[in-house]
Amino acid sequence: MKLKTALTSVALAGSIAAVSTPAMARDTINIVGSSTVYPFATVVAERFGRNTDFPTPKLESTGSGGGLKLFCEGVGTQHPDITNASRRMKPGEFENCQSNGVEKITEVRIGADGIVIANSRDAEKLDLTLKQVFLALAKEVPDPDGGDELVPNPYEKWSEIDSSLPDFEISVMGPPPTSGTRDAFVEIAMQGGCKQYDFIKNMDKSEMKSVCHAMREDGPFIEAGENDNLIVQRLAQDPQTLGIFGYSFLMENTGQIQAASVNGVEPTPEAISSEDYPVARSLWFYVKNAHVGVVPGIKEYIAEFTSESAWGDNGYLVDVGLIPLPRDQRMKTAKRARNLEPMTGNEL
Amino acid sequence: MSDQSSQAEIVRNSLKRRYRKERRFRLYGMVAIFIALGSLFILFADIIGKGHTGFIKTTITLDVTLDSEMMYLDDPTDEDQRSMADFVAPIIDALQDHIPEAETAAEKRELGRLVGNYAASEVRDLLENNPDLLNTTQTIEFLAHDRVSTYVKHAGNPRYSIKLSEQQQRWVDELVEKGVIDTSFNDVLFSRGDSREPSNAGILGAIVGSLLTMLVTLAIAFPVGIAAAVYLEEFAPQNKFTDFIEVNINNLAAVPSIIFGLLGLAVFIGLFGMPRSVPVVGGMVLALMTLPTIIISSRAAIKSVPPSIREAAEGVGASKMQVVLHHVIPLAMPGMLTGTIIGMAQALGETAPLLLIGMVAFIVDVPTGFFDSATVLPVQIYLWASSSEQGFIELASAAIMVLLTFMISMNALAIWLRKRLERRW
């Protein structure tokens with residue numbers, strides 16, 4: 001008897017699972033994409049869910065490339081409605097979208113993200129170039145005696161790289177490889193400095209990357225944990241140490257630390273959002289216009305994201321570290337986004 | 001004779017060395033156990049040390065005057081008016097009753113940042129549901145802002161950095177002294193879904209998601225696993241083909257779980273077009289993963305039923321079917337259940353295959369059905385552990401404690417079932 005009831009209940013549970021057929025009409029917005037945009041998009045999604053009658057959108061952090069791949073797979077509720085990206089869509093990805101029937105896509109640039117190199121306020125303010133940063137931190141650098149040879153990084157003091165730099169030992173604390181800041185730093189700053197050598201620039205792409213992306217492991221570059229406070233304490237105690245982190249972190253600790261200018265540009269919100277500051281990147285999201293009206297709430301979600309209370313100068317996204325666009329650009333972007341003006345593909 | 005005595009001599013001489021060897025061997029065993037227990041202890045101490053504060057919430061209890069003029073709200077049932085109304089003002093006003101020194105606009109804003117980011121929506125929801133409360137004074141318990149919570153719980157702990165201004169710290173100290181800010185058991189943790197704000201985040205969504213996923217897994221893996229085991233043990237002919245199946249089932253048990261996730265992505269989502277992030281797909285993937293465990297343990301349980309029982313049943317005229325259904329399965333059931341529970345406990349802690357089918361996601365709403373987007377407990381822990389907000393450190397550890405409690409109780413159930421129902425032959 002006991003066995004029978006056990007079997008029946010299991011069979012019942014199975015039939016419940018089988019009977020409730022896939023709900024093809026979906027009422028929750030599905031968002032995928034960049035892990036850098038994820039912290040901003042989740043805050044918007046949660047607010048949106050709380051302040052409207054729509055369900056809270058579902059967000060998956062798949063990375064920019066992974067998100068665009070899923071996004072471009074097709075139109076239909078099994079595919080995501082919006083994808084976030086910490087870089088612009090590539091022409092190849094746009095074509096992929098087009099060939100899969102995802103024709104109308106609205107592009108929204110939401111703001112920027114900058115990476116700063118900072119030291120203690122007690123120390124000399126630095127003015128670095130990307131080339132100097134690369135020479136200080138790469139595992140292998142071009143032979144200082146000239147020639148197209150790579151040698152293990154010989155530099156121990158900043159002044160050895162350039163006589164204009166201070167005469168103290170290279171010691172830089174940076175994020176661990178798991179961090180997105182590290183990826184961006186390596187891709188923008190290290191690669192940017194490294195590509196100024198023609199012979200490296202002419203290398204095969206993967207070979208170039210392995211040269212440019214390798215950080216030195218002999219001591220001067222210190223992988224710090226994710227604990228912001230510890231890095232600030234270290235920087236404050238030791239004026240000769242530099243730190244690498246996201247702009248939002250500098251903003252919270254301006255009393256103790258100052259940022260170095262890179263290629264002569266100070267990391268101000270204006271310089272970062274206009275990309276004059278070299279170690280900066282824009283953040284984006286892409287909307288599948290064909291899903292607007294099919295999945296409820298997409299328009300309202302765009303409206304929430306592009307409202308001044310979210311991405312404005314005093315908006316709640318700034319509290320989480322977003323660098324807003326200049327106001328006139330925000331206004332233009334918001335208008336285009338709300339009207340769902342599709343991309344032409346020529347802008348890429 | 002002399003030969004024998006010399007042999008005895010050799011044995012006697014080596015005796016000391018052999019005893020020493022044995023003592024050393026025992027010592028190795030003890031050291032091994034000590035290392036295992038030690039690391040377990042360190043693990044638990046670390047998790048409990050970090051996580052026990054996750055079960056405490058910080059609240060601010062205020063007498064809020066829901067003044068219609070202050071909020072620019074005449075009719076709480078009107079949606080347009082609600083969207084334009086200022087629900088922060090009455091909260092700041094109530095805080096000012098306790099901290100009269102905050103007078104300038106900037107100071108008031110600082111004061112308002114002591115309550116959580118969703119305090120205003122709490123007031124709005126309260127008024128929307130009870131329009132009669134307009135122009136009355138209500139005692140409302142708000143969740144404190146994360147920064148306040150960190151300060152109250154972890155001031156002086158070097159692992160946490162205090163992000164309140166000195167003025168705010170002074171105000172918080174004053175409010176704590178007055179009893180306005182208080183700590184109590186964190187019921188939010190067990191009654192809400194995920195949130196980006198640690199004080200608002202809960203594991204109910206993940207628990208329900210785990211439950212739904214496990215139900216699907218059980219519904220598929222248990223009957224299929226037992227049917228396969230019974231067929232292979234009782235009915236299948238012994239030939240090359242069944243040997244081949246047996247080898248493959250054993251191999252399947254050793255396949256890394258991420259492979260099952262890839263399979264689920266390709267077949268269930270790609271081919272059958274099922275939605276991403278839903279418990280049904282998660283349950284199906286985990287069912288594939290637990291099937292080999294269930295089949296292997298069920299076959300072992302069936303094998304352990306003595307042949308004399310089968311022979312006796314057949315001897316009194318029972319058919320093969322009757323032998324299996326009336327005797328073999330009931331007697332093997334405790335072993336089968338044990339295997340199933342251990343397989344389910346394994347599935348409960350799995351994250352890798354779920355990553356690929358989209359169950360690693362930020363989901364706020366608590367799922368209500370098998371086709372709602374959902375996440376599971378270990379995934380929630382992973383998401384929190386990789387969040388940058390400090391408040392999630394303790395929540396992740398608290399969630400680990402909840403998950404471990406589930407695991408331990410499932411394993412205890414398996415042991416209890418075995419002890420109670422198992423028969424010795």
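No lab work stands behind these numbers, since they all come straight from the coordinates. In this text, all values refer to a predicted model and were calculated from it rather than measured experimentally. Using ideal geometry, Cβ is built from the backbone for each residue, glycine included, and neighbour counts are taken over all protein chains shown.
Computed quantities for the displayed model
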| read-out | value |
| --- | --- |
| For residues of B:278-286, the mean tally of beta carbons on other chains within 10 Å | 1 |
| Reciprocal mean inverse distance between Cα atoms of region B:129-284 - Kirkwood radius, Å | 21.6 Å |
| Global form of the protein assembly as shown, assessed from the alpha-carbon gyration tensor, a/c cut-off 1.5 | prolate |
| For A:Ser61, distant residues with modelled amide H under 5 Å away | B:Phe362 |
| A:Thr254/B:Asp74 FRET efficiency (R0 60 Å; Cβ-Cβ; nearest 0.05) | 0.85 |
| Span per principal axis, largest first, for the Cα atoms of chain A (Å) | 80, 60, 43 |
| Hits among aspartates and glutamates - C-alpha to C-alpha of B:Lys57 under 14 Å, sequence gap 8 or more where chains match | B:Glu141, B:Asp146, B:Asp182, B:Asp187, B:Glu197, B:Glu394 |
| Long-range HN-HN contacts of A:Met215 with modeled amide H, under 5 Å | A:Lys139 |
| Translational D in µm²/s for chain B (Stokes-Einstein at 25 °C, 0.890 mPa s, Kirkwood Rh from C-alpha pairs) | 92 µm²/s |
| FRET efficiency, 1/(1 + (r/R0)^6) with R0 35 Å, evaluated for A:Glu124 and B:Asp63 via beta carbons | 0.05 |
| Most fluctuating residue given options B:Ser397, B:Ser191, B:Ser210, as computed from a GNM of chain B linking Cα atoms under 10 Å | B:Ser191 |
| For region B:55-197, alpha-carbon Rg over 2.2 N^0.38 Å | 1.08 |
| Shape category assigned to region A:296-338 from the gyration tensor of Cα positions, a/c cut at 1.5 | oblate |
| B:Val88 long-range amide H proximity, modeled H, under 5 Å | none |
| Counted charge near B:Thr59, where neighbours are those whose Cβ lies closer than 10 Å (Asp, Glu -1; Lys, Arg +1) | -1 |
| Entries of A:Lys58/A:Lys335; A:Lys125/A:Lys335; A:Lys104/A:Lys195; A:Lys90/A:Lys131; A:Lys288/A:Lys332 with Cα pairs more than 30 Å apart | A:Lys125/A:Lys335; A:Lys104/A:Lys195 |
| Proximal charge balance of A:Ile117 [Cβ under 14 Å; K/R count +1, D/E count -1] | 0 |
| Estimated FRET transfer efficiency (A:Thr52, B:Ala300; beta-carbon r; R0 45 Å; 0.05) | 0.25 |
| Cα-based reach from B:Lys320 at 20 Å (exclusive), listing lysines while leaving out same-chain residues under 8 positions away | A:Lys4, B:Lys303 |
| Whole-number D in µm² s⁻¹ for region B:204-421, Kirkwood Cα-pair radius fed into Stokes-Einstein, 4 °C, 1.567 mPa s | 69 µm²/s |
| Region A:122-255: Cα Rg divided by the 2.2 N^0.38 Å rule of thumb | 1.06 |
| Karplus 3J(HN,Hα) series, Hz, for region B:61-67 with 6.51 cos²θ - 1.76 cosθ + 1.60 (x for Gly, Pro) | 9, 10, 8, 9, 8, 7, 6 |
| Neighbouring partner chain Cβ atoms per residue of A:47-60, average, 10 Å criterion | 5 |
| Environment charge at B:Glu103 (Cβ cut-off 14 Å; Lys +1, Arg +1, Asp -1, Glu -1) | -3 |
| Global geometry of region B:113-219, whether rounded, prolate or oblate, following the gyration tensor of its Cα atoms and the 1.5 cut on a/c | oblate |
